[in-house]
Amino acid sequence: MANILQSPEWARFQQSIGHRVIQANGPGWRYLATVEGGRTGRYLYCPYGPEADSPHAFDAALADLTAQAEAHRCWFVRVEPINGHPVDGLETPEASLKRRGMKLAPRQVQPGHTQLIDLRKDAKDLLKDMKSTNRNLYRNIHKKGVSIERSEDPADVRYLLTFLDATAKRRNFNRQHDDYLQAVAESLMPAGAASLYLAKLDGEPIAASLVYDSDDTRTYAHAATDQTHRKLSAGIPLVVTMIMDAKEKGLTWFDLFGTAPEGAGPEHEWYGFTSFKKSFGGEPVSYPGTWDLPVSRAGYTAYGAVRAGRETLGAARGKLRTLRERRVGA
């Protein structure tokens, strides 16, 4: 399974927004990493990587990443391998990563849990695996005047940005900045690595979704709908169309990108999206998560202290803001 975040197209996008990108490969391994951080410390970030086909290859990739981190004066390497490359059937992925000197990162960057749909199934079986409501909307949404279109024009991302802004304000969550998503569209869409899907009512967009395509996987990256027409549930046939188009394109996987694990509660950041995503079928998949490999022990300790201080200060400011709001409302 090829991840878009480890692709040449993603490397070019990162370079276009000013990131220093490092790519390397060897027997059975490869990676894409970017130099991140600033005054609080620099580090290499390898999203959903490094990719390796054996424990030995994984170790070789880590060694190369460490050497690159030292050359670029980074304090640590942040990695997100899709498995922990244990050396035997008894070792857990987490134990394997700890044995290699890694520490669980203070925050998880990319989702550690997702829902994957195998597009090698027949189209009728893909639909059968979905919730009946999803199938019915996909087959009948046109009767309500709604059409689904795919756009390759980066300018059309403006519809998604408008819907995302309204959704973020309503649900009170942070989202990617407009400039970032516009840059993604301008870089990836002409390269065929991204597409924007629009649901339109009488020709006017009422829902939008941006997907990323790697060599074999379509990733459901960003989506939002116009709440004025929420009763039409246009976002559902939009996703089904993206799934069926991915199969027609010859891709192998559809990654719904981000779910909460079994048993997680409302406090989990992906909890509110999980039921919706699982209604399209597929199987749950878990990854080890985001891990740090210190290159400079002193530097990594300092980074942790600064980060903890910032979080404490941020929490204090949040409490103060809440108290002020309560007093105003009293």
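No lab work stands behind these numbers, since they all come straight from the coordinates. Keep in mind the model is a prediction, meaning the values are calculated, not measured. Backbone-built Cβ (ideal geometry, glycine too); neighbour counts: all protein chains shown.
Could you tally the net charge around D226, taking each other residue with its Cβ under 14 Å from the Cβ of D226, Lys/Arg +1 and Asp/Glu -1? It would help to have the intermediate numbers written out before the result.
Working: positive: R158, K169, R170, K200, R230, K231; negative: D165, D202, E204.
Local charge sum for D226: +3.
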- Be a star and scan segment 222-237 for residues whose amide nitrogen sits under 17 Å from the point 7 Å along the Cα-to-Cβ vector of D165. 223-228
- Note on the structure: Diffing segment 256-261: the Karplus 3J(HN,Hα) column from phi (6.51, -1.76, 1.60, θ = phi - 60°), in whole Hz with x for Gly and Pro, holds 6, 6, x, 9, 8, x
- Item | ³J(HN,Hα), Karplus 6.51/-1.76/1.60, whole Hz, each residue of segment 284-289, x for Gly, Pro | x, 10, 10, 10, x, x
- Using every alpha carbon pair in segment 120-251, what percent of pairs falls into each 10 Å bin from 0 up to the bin containing the largest distance? 12, 42, 35, 10
- Message: Of the candidates R310, R73, R100, which one comes out as most mobile in a Gaussian network treatment of the chain with C-alpha springs shorter than 10 Å?
- Response: R310
- Pick out, in residue order, every one of the GluC sites (Glu not before Pro) in segment 29-125 that is DSSP loop and has at most 16 other C-beta atoms within 10 Å; say none if there are none. E91
- Query: In a shell of Cβ-Cβ distance under 14 Å around S275, excluding S275 itself, what net charge do Lys and Arg (+1) and Asp and Glu (-1) give?
  - Reply: +2
- Query: With the calculation restricted to Cα positions, what are the radius of gyration and Dmax of segment 11-151 in angstrom?
  - Reply: 20.7, 60
- Counting only DSSP beta bridges fully inside the chain, the antiparallel percentage to nearest 5 is 85 percent
- Query: For segment 197-204, in order, what is each residue's ³J(HN,Hα) by Karplus, 6.51 cos²θ - 1.76 cosθ + 1.60 with θ = phi - 60°, in whole Hz (x at glycine and Pro)?
  - Reply: 9, 10, 9, 10, 10, 6, x, 9
- Task: Using only Cα atoms, find the angle between the long axis of helix 157-171 and the longest principal axis of the chain, and express it within 0 to 90 degrees, rounded to the nearest 10.
- Result: 80 degrees
- Query: Between the DSSP loop rule and a limit of at most 15 other Cβ atoms within 10 Å, which GluC sites (Glu not before Pro) in segment 219-308 are left?
  - Reply: E262, E267, E269
- Could you tell me which of the pairs K124/K169; K103/K277; K121/K277; K98/K278 are separated by over 27 angstrom between their Cα atoms in the structure shown? K124/K169; K103/K277; K98/K278
- Message: Nothing charged except the Cβ atoms of Lys and Arg (+1) and of Asp and Glu (-1): what's the magnitude of the dipole of segment 120-251 about its Cα centre? Round to the nearest 20 debye.
- Response: 920 debye
- Item | Computed over segment 120-251: relative contact order in percent, which uses C-alpha pairs under 8 Å that are six or more apart | 29 percent
- Query: Calculated from the structure, P(r) over Cα pairs in 20 Å bins from 0, in percent equals which of (i) 25, 38, 22, 11, 4, 1; (ii) 27, 56, 17, 0; (iii) 29, 61, 9, 0?
  - Reply: (ii)
